[in-house]
2 protein chains.
Amino acid sequence: MRILILGGDGYLGWPTAMHLSALNHEVTVVDNYLRRRLSFEENVEALTPAPNLLERIRLWQEKRGLTIKPYIGDLSDWSFIANVFDETEPEVVIHYAEQPSAPYSMLNRAAASLTLNNNLNVTANVIYAVREFCPQAHIIKLGTMGEYGTPNIDIEEGWLDIKHKGRSDKLLFPRQAGSLYHTTKIMDTDLLWFYVRTWGLRVTDLMQGPVYGIFTEESRGHEELLPFFNYDELFGTVLNRFIAQAVAGYPLTVYGGGGQTRGYLNIQDTVNCVRLSLENPANLGELRIFNQFTETFTVNELAEKVKTVGKNLGLNVKVKRIKNPRKEKESHYYNPAHTGLLDLGLQPNYLTDKALEEMLSHVEKHKNNIHEHKIFRNTKWD
Amino acid sequence: MRILILGGDGYLGWPTAMHLSALNHEVTVVDNYLRRRLSFEENVEALTPAPNLLERIRLWQEKRGLTIKPYIGDLSDWSFIANVFDETEPEVVIHYAEQPSAPYSMLNRAAASLTLNNNLNVTANVIYAVREFCPQAHIIKLGTMGEYGTPNIDIEEGWLDIKHKGRSDKLLFPRQAGSLYHTTKIMDTDLLWFYVRTWGLRVTDLMQGPVYGIFTEESRGHEELLPFFNYDELFGTVLNRFIAQAVAGYPLTVYGGGGQTRGYLNIQDTVNCVRLSLENPANLGELRIFNQFTETFTVNELAEKVKTVGKNLGLNVKVKRIKNPRKEKESHYYNPAHTGLLDLGLQPNYLTDKALEEMLSHVEKHKNNIHEHKIFRNTKWD
């Protein structure tokens with residue numbers, strides 16, 4: 001199939017591109033290096049330098065003899081995105097092209113504005129481009145479990161059957177996110193749901209939990225094909241950060257009580273979930289929503305796991321409770337459904353000691369690249 | 001009180017400014033004439049020319065000896081809005097400053113993009129400006145009943161007590177709007193709700209139904225103080241359009257079955273609802289939501305009312321069913337709550353024959369200004 005991956009240089013975009021290319025799909029990637037630029041500006045670059053997208057593609061071609069086509073440009077610019085869609089005529093559009101950091105979106109007004117404008121204008125342009133150039137194409141959009149927040153009821157997959165005063169309807173599960181970034185994902189859902197109903201678009205919206213890990217089938221053993229691994233507060237997801245902190249001998253920073261529970265998944269499962277969604281497309285006129293994670297943990301549980309496995313590897317891992325810089329519940333009910341992707345055949349890669357060991361060993365090799373002052377900056381929500 | 005009215009040149013903004021000025025509040029109005037520019041570009045100007053905002057203020061001063069302070073500029077530009085807030089230090093911010101037309105938002109990609117960017121960036125800037133310059137200020141934001149769409153359950157005022165699998169929570173009433181314009185209002189709600197929780201803002205969000213009418217206490221008898229009266233499909237609300245069509249001998253255009261039910265209100269009630277919200281502010285950290293309308297009608301009922309009252313005035317009013325250019329249910333359940341503003345003391349001005357006669361007589365006086373080709377353009381949703 002002709003697959004267009006928007007944000008194809010990113011932490012998840014690049015592994016997805018390799019995975020689908022390895023399956024002999026005709027893969028095109030688009031990126032404007034926004035994530036790299038923001039990491040550079042905020043002085044929080046990844047653990048190891050990643051080759052640029054054209055180099056990555058050349059290396060992939062060298063190793064596997066497979067071609068990926070790149071476009072470098074800004075998808076919020078209509079003249080650019082229209083040209084990309086016109087030339088590629090995609091059958092599937094995988095949309096990762098957003099500013100992905102919650103703390104970044106809370107840094108200051110300029111960062112908030114960039115997040116709001118980039119994320120919404122890219123999503124809007126994707127909708128208009130699909131409508132104009134490939135109205136049958138399947139849009140696979142990365143949302144976030146964070147859209148739901150932490151309500152006191154079970155979280156269903158996107159929708160809720162509501163009975164109220166003797167009548168009933170199936171409506172979007174009410175959303176209330178914990179950061180501006182997560183709120184832009186809610187707004188994306190609003191936008192997609194409107195145009196799905198109005199224009200009959202075909203959309204899968206993946207409510208993804210925090211991702212951890214670095215290796216996928218296609219990159220294992222090929223350092224230069226690995227995605228970014230950020231260990232900082234802005235662009236490093238929590239478990240990845242803890243791994244680097246454990247290696248660096250920097251106490252694991254647990255915010256507040258540490259009872260915050262989220263649904264996590266391995267980066268290999270992200271790639272597999274996206275592939276399964278692609279192989280089992282939504283119908284025209286359908287907004288299909290899956291909750292994309294494999295298991296839930298509290299922050300305390302993650303810290304304990306890293307501490308235990310770290311100890312086995314001879315690391316002296318300390319855990320430090322700090323005042324929570326975010327506004328969030330530190331103890332709450334959390335029971336989200338997640339059967340949709342399992343029903344499509346997902347075989348989860350759980351967070352085993354072996355998985356933790358592999359990550360710790362990899363980061364250990366690059367220990368000298370960890371700069372302690374880049375780990376924590378205490379970005380406050382208020 | 002020091003009151004800042006954003007969009008103070010608009011159909012609702014200007015009458016609100018006069019009303020609050022008449023009550024001796026210290027009123028500042030801000031506008032960039034976006035609505036006037038779009039009306040001009042789309043060749044759908046109002047029934048009578050309105051003086052510009054500085055002239056309106058001069059005329060108001062002449063008649064009543066009261067001062068209103070104007071700013072002309074674009075609120076999506078931070079350097080402008082920051083200066084306005086810094087200089088005025090408002091205690092209340094009334095936010096009307098959005099592109100307000102559903103059909104305009106569906107015209108084409110450029111109009112959609114303008115709607116999305118204008119509406120969201122102004123709302124975001126208002127939030128950031130309140131946070132920076134007047135964190136205690138009460139934001140009164142105009143939303144729309146259209147945010148809820150037409151679900152098969154009773155619509156509550158903003159929130160819904162949900163019982164699900166033996167647990168319960170009070171969450172935002174699920175939203176699903178019928179146009180991009182209405183969808184931007186949902187996104188405004190998402191944004192406000194996030195920052196209310198995070199920064200403790202004080203917000204009243206008014207889910208307003210379609211407004212009709214032209215006269216308010218302050219403008220009655222003073223033609224030059226009247227707000228815009230648009231009779232076109234883009235900027236004319238349905239009843240105002242029907243009034244002009246009746247006068248022009250142009251058949252009332254009912255879309256499809258005409259069973260579409262909405263909650264309507266008189267422009268005088270808009271002004272009164274905003275004043276009541278202001279006199280009874282929300283608490284800090286509260287997103288208070290009211291459904292702002294006084295009675296519900298189907299489109300068929302509105303057409304019949306205009307036909308009957310028109311006949312009494314000697315007009316031969318015809319009703320014409322046309323293929324619905326929109327995507328909407330033409331027959332549906334609709335039972336929205338609206339007690340919040342009544343509890344604050346709202347005395348509704350219902351849609352009486354007398355109210356219709358007054359509107360018809362006014363438009364009759366300006367009959368020569370009605371250009372039939374401007375009434376209907378059949379803006380299609382798909």
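When A:ASN335, A:ASN349 are screened for being within 19 Å of A:ASN266 (Cα to Cα) and touching a strand residue (DSSP E or B) at 6+ places or on another chain (Cβ under 8 Å), only A:ASN349 passes.
For every residue, the table says whether it meets (1) within 14 Å of another protein chain (Cβ to nearest Cβ); (2) in contact (Cβ under 8 Å) with a residue 24 or more places away in the chain; (3) in contact with an Asp or Glu (Cβ under 9 Å, 6 or more places away or on another chain).
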site	(1), (2), (3)
A:GLY285	yes, yes, no
A:LYS307	no, yes, no
A:GLY314	no, no, no
A:HIS332	yes, yes, no
A:HIS373	no, no, no
A:PHE376	no, yes, yes
A:TRP381	yes, yes, yes
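Candidates in region A:199-239 are the residues that are in a loop (DSSP other than H, G, I, E, B) and of a type in the set (A, V, I, L, M, F, W, C); of these, the one that is farthest from the chain's Cα centre (by Cα) is A:LEU201. Among (1) out of contact with any His (no Cβ under 8 Å at 6 or more places or on another chain); (2) touching a residue at least 40 places away in the same chain (Cβ under 8 Å), there is one condition B:THR144 misses while meeting the rest; what is its number? It fails just one condition, (1). Scanning region A:132-148 for residues that are more than 9 Å from chain B (Cβ to nearest Cβ) and either under 30 Å from B:ILE162 (Cβ atoms) or assigned to a helix (DSSP H, G or I) (or both) returns A:PHE133, A:ILE139, A:ILE140, A:LYS141, A:LEU142, A:GLY143, A:THR144, A:MET145, A:GLY146, A:GLU147, A:TYR148. A:GLU157 fulfils the conditions (1) of a type outside the set (Gly, Ala, Ser); (2) assigned to a loop (DSSP other than H, G, I, E, B); (3) surrounded by fewer than 20 Cβ atoms within 10 Å (Cβ to Cβ); (4) within 13 Å of chain B (Cβ to nearest Cβ) except for a single criterion, (4).
When residues in region A:151-182 are screened for being within 22 Å of B:ALA177 (Cβ to Cβ) and free of Cβ contacts under 8 Å to residues at least 12 places away in the same chain, 7 of them pass. Hey, any hits in region A:179-196 for a residue that's surrounded by fewer than 22 Cβ atoms within 10 Å (Cβ to Cβ), out of contact with any helix residue (DSSP H, G or I) (no Cβ under 8 Å at 6 or more places or on another chain) and closer than 30 Å to A:VAL130 by Cα? Yes, that holds for at least one residue. Taking A:GLU358, is it away from chain B (no Cβ under 14 Å), surrounded by fewer than 19 Cβ atoms within 10 Å (Cβ to Cβ) and either farther than 22 Å from A:PRO15 by Cβ or free of Cβ contacts under 8 Å to residues at least 40 places away in the same chain (or both)? It is false that A:GLU358 is away from chain B (no Cβ under 14 Å), surrounded by fewer than 19 Cβ atoms within 10 Å (Cβ to Cβ) and either farther than 22 Å from A:PRO15 by Cβ or free of Cβ contacts under 8 Å to residues at least 40 places away in the same chain (or both). In this structure, is B:PHE228 modelled with pLDDT under 95, away from chain A (no Cβ under 14 Å) and crowded, with 22+ Cβ neighbours inside 10 Å? For B:PHE228, the condition - modelled with pLDDT under 95, away from chain A (no Cβ under 14 Å) and crowded, with 22+ Cβ neighbours inside 10 Å - is met. Considering the conditions (1) in a loop (DSSP other than H, G, I, E, B); (2) facing another protein chain (nearest Cβ under 10 Å); (3) not aliphatic (A, V, I, L, M), B:ASP169 is excluded by exactly one of them, (1).
Out of all the residues in region A:334-352, which are without any contact (Cβ under 8 Å) to a residue 60 or more places away in the chain and surrounded by fewer than 12 Cβ atoms within 10 Å (Cβ to Cβ)? Residue satisfying the conditions is A:ASP343 alone. On the basis of being crowded, with 23+ Cβ neighbours inside 10 Å and either at pLDDT 95 or above or acidic (Asp, Glu) (or both), does B:ASN125 make the cut? Yes. Just for region A:88-122: of the residues that are facing another protein chain (nearest Cβ under 10 Å), among the polar types (S, T, N, Q) and within 19 Å of B:ARG109 (Cβ to Cβ), which one is surrounded by the most Cβ atoms within 10 Å (Cβ to Cβ)? In this case the residue turns out to be A:ASN121. Mind counting the residues in region B:327-378 that are at pLDDT below 95 and in a helix (DSSP H, G or I)? The total comes to 3.
Can you find a residue that is surrounded by fewer than 21 Cβ atoms within 10 Å (Cβ to Cβ), under 20 Å from the mean Cα position of the chain (by Cα) and closer than 24 Å to B:LEU180 by Cβ anywhere in region B:2-23? The answer is no, given that none of the residues of region B:2-23 is surrounded by fewer than 21 Cβ atoms within 10 Å (Cβ to Cβ), under 20 Å from the mean Cα position of the chain (by Cα) and closer than 24 Å to B:LEU180 by Cβ. Scanning region A:174-198 for residues that are within 17 Å of B:ASP188 (Cβ to Cβ), assigned to a helix (DSSP H, G or I), out of contact with any strand residue (DSSP E or B) (no Cβ under 6 Å at 6 or more places or on another chain) and within 7 Å of chain B (Cβ to nearest Cβ) gives A:LEU180, A:THR183, A:ILE186, A:MET187, A:ASP190, A:LEU191, A:PHE194. The strands (runs of 3 or more DSSP E) found wholly in region A:240-326 and carrying at least 3 residues that are more than 28 Å from A:LEU142 (Cα to Cα) and modelled with pLDDT of 95 or more occupy A:319-322. Every listed requirement among (1) surrounded by fewer than 22 Cβ atoms within 10 Å (Cβ to Cβ); (2) more than 9 Å from chain A (Cβ to nearest Cβ); (3) of a type in the set (S, T, N, Q) is met by B:GLN208 save one, (1). Each residue in region A:76-105 was checked for being more than 18 Å from the chain's Cα centre (by Cα) and either closer than 28 Å to A:TRP381 by Cβ or in a loop (DSSP other than H, G, I, E, B) (or both), and 5 pass.
Filter region A:1-47 down to the residues that are aliphatic (A, V, I, L, M) and assigned to a loop (DSSP other than H, G, I, E, B) and list them by number. Selection gives A:MET1, A:LEU12, A:LEU23, A:VAL44, A:ALA46, A:LEU47.
The values are calculated or read from the model by the stated rules, or taken from the named source; none is laboratory data. Just so it is clear, the structure is predicted and the values come from calculations on it, not from any experiment. Note that we place each Cβ from the backbone using ideal geometry, even for glycine, and neighbour counts take in every protein chain shown.
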